[in-house]
C-alpha cells in the first residue's frame, strides 16, 4: 500500500503541535478532522471501493481542513469571507510549503488530493474532473457536511463561530433565501443576511449530498429536527418557515 494512514495521522498530530492545542478552537478542528476521516472511511467502505481508494479518501479527509489552523492563527476566525479561503490556504500549506511529503511519500495522488481539497468548500464541484478525482471530491464534501451537523449541536457557538442562539430568537428568514430553498435551488451564500438564513443553508445541505449513505446518516441521527430545536422561536412567521423548511429537507432526504 502506498498510503500509510497511521503514519499520516502521526504526521497530522505533529503538525498541529505548532499551534496552541489548549485552545478550544484548535481542539474543535482536530476533532472535526478525525470525525470527517471516520465519515469518509464509512462512505468509501459502503461504496465498496478498493482498499487503496478507501485510504485515499481518509487521507484527503485528514488534510481537508489543514488550512484552518493557519487561518485561526493569522485572523482568529474560521469565517472565510472575513479572512482567507481555508481550502486554498490548506493547499498552500501542503504543496507550496512541501508539507505533503510528511503525509504521503509518493506524489502519485497529489493532483487528486489537491483538487478534492480545493473543491470541498465550493458551491459546486468544478466541471471536467476525471471519474476518480470527482468521486474523492464527492466523498469529502459529504463527509465534511455530515460532521458539521454534529458541530452545530455539540460545540459552543463562540468556538464554532456559527450562530449565537440568544441573538436570533426574534430574527426572520429573508424571502430570497427562503424561496431559494423551498424551490430546491442552491443557496446563494452571498445573499445571506440573517442568522436564520444560515439555518436554511444547513437545511440546503440535503440538496448537496452525493450518496444515499449520507442522507441515511442524517435521517438516523435525526439532525434536521435536532438543529431546529436548539432555538426558541419568538417570531411566529419565522417559526412557520423553519417548520416548513425542516419538513421539506426531511422529505427530500427520505425520497
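The values are calculated or read from the model by the stated rules, or taken from the named source; none is laboratory data. Bear in mind that the values here come from a model prediction, so they are computed numbers and not experimental data. Glycine also receives a Cβ, built like all others from the backbone with ideal geometry; neighbour counts cover every protein chain displayed.
Per-structure values
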read-out	value
Condition check for residue 73: surrounded by fewer than 14 Cβ atoms within 10 Å (Cβ to Cβ), under 19 Å from residue 117 (Cα atoms) and at pLDDT 95 or above	no
Condition met for residue 25 (surrounded by 13 or more Cβ atoms within 10 Å (Cβ to Cβ), assigned to a helix (DSSP H, G or I) and at pLDDT below 95)	yes
Check on residue 5, more than 19 Å from residue 139 (Cα to Cα), over 19 Å from the mean Cα position of the chain (by Cα) and modelled with pLDDT of 95 or more	no
Residue that is surrounded by the most Cβ atoms within 10 Å (Cβ to Cβ), among those in region 199-255 that are without any contact (Cβ under 8 Å) to a residue 24 or more places away in the chain and over 30 Å from residue 47 (Cβ atoms)	239
Enumeration of residues in region 109-124 that are buried (at least 19 other Cβ atoms within 10 Å of the Cβ) and part of a loop (DSSP other than H, G, I, E, B)	109, 120
Residues within region 92-108 that are outside any loop (DSSP other than H, G, I, E, B) and without any contact (Cβ under 8 Å) to a residue 12 or more places away in the chain, tallied	2
Selection status of residue 168, in contact (Cβ under 8 Å) with a residue 40 or more places away in the chain and either under 21 Å from residue 149 (Cβ atoms) or not assigned by TED's automatic domain parsing to the domain that holds residue 83 (or both)	yes
Residue ranges of helices (runs of 4 or more DSSP H) in region 141-250 with at least 1 members modelled with pLDDT of 95 or more and farther than 30 Å from residue 115 by Cβ	175-182, 212-220, 223-228
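Conditions tested, residue by residue: (1) over 25 Å from residue 218 (Cβ atoms); (2) free of Cβ contacts under 8 Å to residues at least 40 places away in the same chain; (3) crowded, with 20+ Cβ neighbours inside 10 Å; (4) more than 16 Å from the chain's Cα centre (by Cα).
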residue: 30; (1), (2), (3), (4): no, yes, no, no
residue: 41; (1), (2), (3), (4): no, yes, no, no
residue: 45; (1), (2), (3), (4): no, yes, no, yes
residue: 52; (1), (2), (3), (4): yes, no, no, yes
residue: 56; (1), (2), (3), (4): no, no, yes, yes
